[in-house]
Amino acid sequence: MKAPKIAIAVLAMLGVAACANIERSRNLNDARVSAKTLALQVCSACHAFDGNSVSPNFPNLAGQTPAYLVSQLKDFRKHSRADPAGFEYMWGLSRNLTDEQIDGLASYFASQPLRPLPAGGVPGIAGQGIFERGVPEKSIPPCKGCHGEHGQGTDQNPRLAGQHADYLAKQLSVFQRTDERPDGAVMKIIAHDLTEANKSDVAAYLQAMAPR
Amino acid sequence: MRCFPWRLTTSIGKYCLSAALAWPVFGIFHVEQAHALPAFARQTGQNCVSCHAGGQFPELTPYGRIFKLTAYTIGERTIPISVMGVASVAKVNDTSKSDSPAADFQKNGSLLFATGSLFIAGKVTNNMGVFSQITYDNYAYQSAGPDGQPADFRGHSNADNIDIRYADRFIDGNHDLIVGVSLNNNPSISDVWNSAAAWMQYVPVPSPTSHQFIDGTAPYPGFGTGGNIAGITTYAYWNRALYAEIGTYRTANQAFSFLSAGINDGNTTKLRGSNNPYWRLALSHEWGAHNAMMGVSGMVAHVFDGGSDVSDPDNLGRVRNIGFDAQYQYLLDPHTITAQFAFMRQKQFYSANTLAAAEPPYFLADGITPVAAVNASDTTNILRAKVSYIFQAKYGGSLSIFNKTGTTNTLNQTSGFDSNGQITSTDPEGTGIASTRVNGSLTGNPATRGWTGEVFWTPVQYVRVGAQFTAYSKYNGASSNYDGLGRNARDNNTLFLYLWAAY
């Protein structure tokens with residue numbers, strides 16, 4: 001093939017590019033792009049197409065409570081959630097999302113079925129005890145009091161059951177040691193006296209909890 | 001210069017040596033760069049660690065691979081410009097075994113502003129994006145002084161790696177298919193794994209000869225054509241499990257001359273026609289915080305001898321590559337562990353004119369024993385393996401080994417010969433010796449083996465400071481006296497310190 005023909009082919013490619021299909025757009029600054037398109041084209045890269053992320057670096061979004069997902073995306077967008085997992089990945093991606101897109105993303109992932117994860121660590125009775133009874137001698141209340149009998153979440157309080165243990169333990173440390181998640185300030189008080197072992201125990205238990 | 005390994009193996013053959021030395025421009029080494037692009041970070045608003053494993057540029061994370069395969073289109077259009085610069089010092093173990101240490105080890109131990117790059121990179125449309133790099137080499141060549149000796153260094157800019165691509169992604173609950181087309185100037189620059197030939201080497205390679213033994217110049221698996229050619233490849237990535245790419249390359253001239261801009265015509269790689277195919281297959285898998293890939297790649301290219309008349313078919317050689325590579329990553333904050341393995345076999349078929357030029361009989365110094373005839377083709381095998389660990393994306397270290405083996409060929413003997421093409425004694429004071437010290441090869445065998453260790457610190461994500469040590473146990477076919485004039489492989493051991501910054 002002669003060079004001019006190839007050049008024409010490249011120009012044709014550019015022409016096609018100019019008429020890109022909005023249904024498969026990865027543009028994060030275009031209100032016309034639907035939430036489902038963004039979920040599949042962008043979010044799926046880390047969280048998987050159905051919110052069941054493969055890597056524990058990225059939280060499971062499937063089956064999460066919609067109100068919690070909305071509040072987190074808005075917190076990322078206004079930079080009020082500043083933990084490393086948040087600002088490194090999510091500040092930029094969320095900066096120009098519209099409220100409508102955020103609502104749509106929350107609905108999309110909340111409606112996806114959560115798939116059980118393999119047990120992370122050893123989900124022993126210690127973790128179960130913290131979830132169900134808290135740590136009474138330190139006045140730490142049980143998780144299920146706010147996050148639901150089955151850890152399924154209640155409105156603004158996120159689902160914990162079926163979440164990656166590594167993510168849960170790290171977030172407990174964020175609450176405990178920093179003010180990077182002001183919306184979860186109540187967790188700073190609750191998690192204050194948790195030991196490293198407490199955190200990994202309860203996180204392992206929650207990861208292994210059957211999604212309900 | 002990693003761009004033209006094929007040209008190096010032939011043009012620095014002993015028969016071309018005198019011509020090379022007579023050339024008034026010395027040391028034209030091209031530069032391979034690290035690629036971390038603040039322009040991309042601005043486009044997505046994300047940190048470098050999102051796309052680069054442990055912030056260790058240019059190695060991509062699974063997300064970084066999707067970002068690249070979808071044509072750099074995630075995010076929003078911004079000003080698509082970045083710059084980067086490298087300052088470095090290199091110190092070679094022994095500079096005394098040289099006829100001219102000042103020439104063989106220029107700037108040894110001196111701090112240099114080595115190279116700088118301008119990147120134009122980013123999203124163009126919803127389906128199209130660009131990664132392009134223009135590199136300035138502050139030590140690109142030396143002007144000729146009044147006595148014909150090399151004088152001042154001069155800087156020079158040229159097109160470096162360029163990848164312009166169009167992609168689409170078809171994804172639903174059952175399938176995830178990314179398809180795309182890339183117009184690029186370097187075989188495997190379009191690849192997304194760091195064990196690919198164009199990417200495994202991650203440190204800059206400044207030009208002065210004091211830097212000629214740093215890791216970046218040690219053997220790396222690569223394609224025989226090198227870069228600055230024009231190729232179109234198409235690719236598909238299915239369910240993040242199977243990747244296939246196929247394309248073909250041609251000379252970067254006419255409409256494609258921008259892909260070799262700034263490189264003078266005599267130094268660009270000339271290919272015959274557009275039938276120089278490149279292909280790549282890879283299997284990848286992600287589980288938990290781990291991901292791994294195994295792949296194969298290959299290329300067949302019809303390449304004219306450097307600077308030769310391309311209308312003469314007798315100047316046409318051929319080079320065939322086949323490679324196997326694998327990569328593993330464990331990415332879970334604060335730990336990053338990665339490993340790469342790459343093996344490349346290259347078979348080089350020489351042009352009729354190269355073989356004819358090497359035809360006259362040569363004898364050993366006794367004047368009786370004939371030197372073996374040159375091979376019509378040569379085979380080299382290069383193996384690289386590397387493991388890295390990075391803590392908090394800040395403190396890192398890596399260890400790599402390299403082993404190059406290959407056929408022995410009189411054509412590659414560049415040392416131990418006199419000006420009449422006879423092998424002489426190893427006495428550098430002997431008359432008429434045209435041997436090359438330091439770079440020369442007495443054996444005609446390319447075997448080179450060694451290891452590199454590196455520690456680095458990334459205090460902020462756009463700055464990296466590194467110390468690297470490269471040790472050789474074999475060089476140009478021998479552990480000791482590889483140049484026939486007493487230089488040993490370990491004399492080339494080099495300490496390399498660098499400061500890299502980008503914005």
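Go through (1) in contact with a Phe, Trp or Tyr (Cβ under 7 Å, 6 or more places away or on another chain); (2) away from every other protein chain (no Cβ under 14 Å); (3) not hydrophobic (A, V, I, L, M, F, W, C) and name the single condition A:Gly86 misses.
(2)
Here is a check on your reading of the model: is A:Ala62 part of a loop (DSSP other than H, G, I, E, B), within 13 Å of another protein chain (Cβ to nearest Cβ), closer than 21 Å to B:Asp172 by Cα and hydrophobic (A, V, I, L, M, F, W, C)?
Taking the combined requirement at face value, the residue satisfies it.
With the requirement that a residue be among the polar types (S, T, N, Q) and over 23 Å from B:Leu69 (Cβ atoms), what does segment B:226-267 give you?
Correct list: B:Asn228, B:Thr251, B:Asn253, B:Gln254, B:Ser257, B:Ser260, B:Asn264, B:Asn267.
Six or more apart or on different chains, Cβ under 7 Å: which pairs go from a residue in segment B:389-405 that's in contact (Cβ under 8 Å) with a residue 24 or more places away in the chain to one that's surrounded by 18 or more Cβ atoms within 10 Å (Cβ to Cβ) and of a type in the set (Asp, Glu)? Could you list them?
Close Cβ pairs (under 7 Å, with a partner that is surrounded by 18 or more Cβ atoms within 10 Å (Cβ to Cβ) and of a type in the set (Asp, Glu)) amount to B:Gly397/B:Glu454; B:Ser398/B:Glu454.
Please go through segment B:450-476 and give me each residue that is in contact with a Pro (Cβ under 8 Å, 6 or more places away or on another chain), under 21 Å from B:Ser400 (Cβ atoms) and part of a loop (DSSP other than H, G, I, E, B), ordered by number.
Hit for segment B:450-476 is B:Asn476, nothing else.
Tell me whether segment A:178-186 contains one or more residues that are within 30 Å of B:Arg77 (Cβ to Cβ), basic (Lys, Arg) and either touching a residue at least 12 places away in the same chain (Cβ under 8 Å) or within 14 Å of chain B (Cβ to nearest Cβ) (or both).
Within segment A:178-186 (the criterion being within 30 Å of B:Arg77 (Cβ to Cβ), basic (Lys, Arg) and either touching a residue at least 12 places away in the same chain (Cβ under 8 Å) or within 14 Å of chain B (Cβ to nearest Cβ) (or both)), the answer is no, since none of the residues qualifies.
At pLDDT below 90 and either under 30 Å from B:Ile74 (Cβ atoms) or away from chain A (no Cβ under 14 Å) (or both): does that describe B:Gln133?
no
Give B:Arg250, B:Arg272, B:Arg240 a once-over and let me know the one that is surrounded by 15 or more Cβ atoms within 10 Å (Cβ to Cβ), more than 27 Å from B:Asp312 (Cβ to Cβ) and among the basic types (Lys, Arg).
Going through B:Arg250, B:Arg272, B:Arg240 in turn, just one is surrounded by 15 or more Cβ atoms within 10 Å (Cβ to Cβ), more than 27 Å from B:Asp312 (Cβ to Cβ) and among the basic types (Lys, Arg): B:Arg240.
Criterion first (part of a strand (DSSP E or B), hydroxyl-bearing (Ser, Thr, Tyr), away from every other protein chain (no Cβ under 14 Å) and buried (at least 17 other Cβ atoms within 10 Å of the Cβ)) does B:Ser98 satisfy it?
No; evaluated as a whole, the condition is false for this residue.
Of A:Leu69, A:Leu73, A:Leu61, which residue is farther than 17 Å from A:Gly184 by Cα, crowded, with 20+ Cβ neighbours inside 10 Å and touching a residue at least 24 places away in the same chain (Cβ under 8 Å)?
Result: A:Leu61 is the single residue among A:Leu69, A:Leu73, A:Leu61 that is farther than 17 Å from A:Gly184 by Cα, crowded, with 20+ Cβ neighbours inside 10 Å and touching a residue at least 24 places away in the same chain (Cβ under 8 Å).
Six or more apart or on different chains, Cβ under 6 Å: which pairs go from a residue in segment A:103-117 that's outside the structural domain of A:Gly162 (by TED's automatic domain parsing) to one that's surrounded by 14 or more Cβ atoms within 10 Å (Cβ to Cβ) and among the β-branched types (Val, Ile, Thr)? Could you list them?
Close Cβ pairs satisfying both conditions: A:Ala106/A:Val70.
Looking at segment B:46-84 only, could you name the residues that are at the interface with chain A (Cβ under 7 Å from one of its Cβ atoms) and out of contact with any strand residue (DSSP E or B) (no Cβ under 7 Å at 6 or more places or on another chain)?
Across segment B:46-84, the qualifying residues are B:Gln46, B:Asn47, B:Val49, B:Ser50, B:Tyr63, B:Ile66, B:Ile74.
Looking at B:Phe113, B:Phe170, which one is among the hydrophobic types (A, V, I, L, M, F, W, C) and away from every other protein chain (no Cβ under 11 Å)?
Only one candidate qualifies: B:Phe113.
Can you name every residue in segment B:248-287 that is within 13 Å of chain A (Cβ to nearest Cβ) and at positive phi?
Within segment B:248-287, B:Gln254, B:Gly273 qualify.
Residues checked against (1) part of a helix (DSSP H, G or I); (2) of a type in the set (A, V, I, L, M); (3) crowded, with 19+ Cβ neighbours inside 10 Å:
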site: A:Glu149; (1), (2), (3): no, no, no
site: A:Leu160; (1), (2), (3): no, yes, yes
site: A:Tyr167; (1), (2), (3): yes, no, yes
site: A:Val186; (1), (2), (3): yes, yes, no
site: A:Asp193; (1), (2), (3): no, no, no
site: A:Ala203; (1), (2), (3): yes, yes, yes
site: A:Leu206; (1), (2), (3): yes, yes, yes
site: A:Arg212; (1), (2), (3): no, no, no
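The values are calculated or read from the model by the stated rules, or taken from the named source; none is laboratory data. Predicted model, so just to flag it, every value in this text is computed and none were measured. For neighbour counting, all protein chains shown are included, and Cβ atoms are generated from backbone atoms with ideal geometry for every residue, glycine included.
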